[in-house]
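This report concerns only the one structure given below.
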Amino acid sequence: MLASSACQPAFLVAHFMQKPTSHNAGSPPPPVEARKLRKVFREVAAVDGISFALANASVTALLGGNGAGKTTTISMLMGLVVPTSGEACVFGADMARERHKVLHRVNFESPYVDVPMRLTVRQNLEVFGRLYGVRDLKGAIAEIAGELRLGELLDRPYGKLSAGQKTRVSLAKALLNEPELLLLDEPTASLDPDTADWVRNKIESYRKTRQATIVLASHNMAEVERLADRVIMLEKGRIIADETPAELIKRFGRANLEEVFLAIARRGASDAGVAP
């Protein structure tokens, strides 16, 4: 019989390499666990019964073409979208019902999600800092502004910033509460190579210094090869591959992850698990 939360069972089923893994009842739950997670929009399954669990301090990439289910999966892991069935669990909390218990341990970054345009950078960081319960908010803003080179931008309206500056602000917002789980949706989209490399360096540094668990959705395969320990590939809302980048490249006999992605996309999900 389950305890108060369906996300805290006596055992854990993880789908890394498609092998079940036992979980001791006395040990802490994984930072992220999806259990038969499904979301239907107007009779279309955007996410169709996926299951996986993530290790502490790991970087896992969610890959797939447009409409594969990446953003919907991340939205359910954040508690912003309620699953049709199954559970999205973060640190043992069911995000559909208990998001408030772990919100201070989680954050999210995407260049596609703007903060209020008329507020200054400082005002935006103050709003989000309060939402995430950041202590010594003034000091935290000063620290993150120094780290991400935002000092001269703090009193400028967010809407008047360049794309690269907005990305730095979005990253500052995401790191302000020093999250143990960081969800990134295309964090370097539309950035020039220099700024994109700067953002990747910050992500790598944060993961190393904070031992954070990171979920990364990206269409940049070189970025995924550089940052990710593990790749979960989605097609039509289902998991069709779950391996390390090196394992995927080797299994498909390709030169890099981009060639693997193209091979899978062009062959379709039905035979994606069979090496060409």
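For this structure, a couple of remarks:
- Kirkwood Rh and Cα Rg combined as Rg/Rh, region 164-244: 0.97
- Carbon/sulfur fraction of accessible area - region 162-267, other protein chains in place, 1.4 Å, %: 45 percent
- Positive minus negative residues near Val231 (Lys, Arg vs Asp, Glu; Cβ under 11 Å): -4
- Efficiency of FRET between Asp155 and Ala255 - r from beta-carbon atoms, R0 51 angstrom, step 0.05: 0.60
- Cβ charges +1 (Lys, Arg) and -1 (Asp, Glu), total dipole of the chain, debye: 440 debye
- Nearest-0.05 FRET efficiency for His100 and Asp229, computed from C-beta distance (R0 30 Å): 0.50
- Surface accessible to a 1.4 Å probe, per residue, for the residues of the chain, Å²: 49 Å²
- Counting charges near Glu87 (Lys, Arg +1; Asp, Glu -1) among other residues having Cβ under 11 Å from its Cβ returns a value of +1.
- Of every Cα-Cα pair in the chain, the percent that sits beyond 30 Å: 31 percent
- Unit charges at the beta carbon, dipole of the chain: most positive-side option, Thr84, Leu181, Val121: Thr84
- Mean separation of Cα contacts under 8 Å (6+ apart) over length of the chain, as relative contact order %: 22 percent
- Sparse packing (at most 16 other Cβ atoms within 10 Å of the Cβ) combined with a DSSP loop state is found for the following trypsin sites (Lys or Arg not before Pro) in region 28-77: Arg42.
The values are calculated or read from the model by the stated rules, or taken from the named source; none is laboratory data. In this text the structure is predicted, and so the values were computed from the model without any measurement. Note that we place each Cβ from the backbone using ideal geometry, even for glycine, and neighbour counts take in every protein chain shown. We work out accessible area using only protein heavy atoms, side chains counted, and drop any ligands, DNA or RNA first. Shrake-Rupley method; radii C 1.70, N 1.55, O 1.52, S 1.80 Å.
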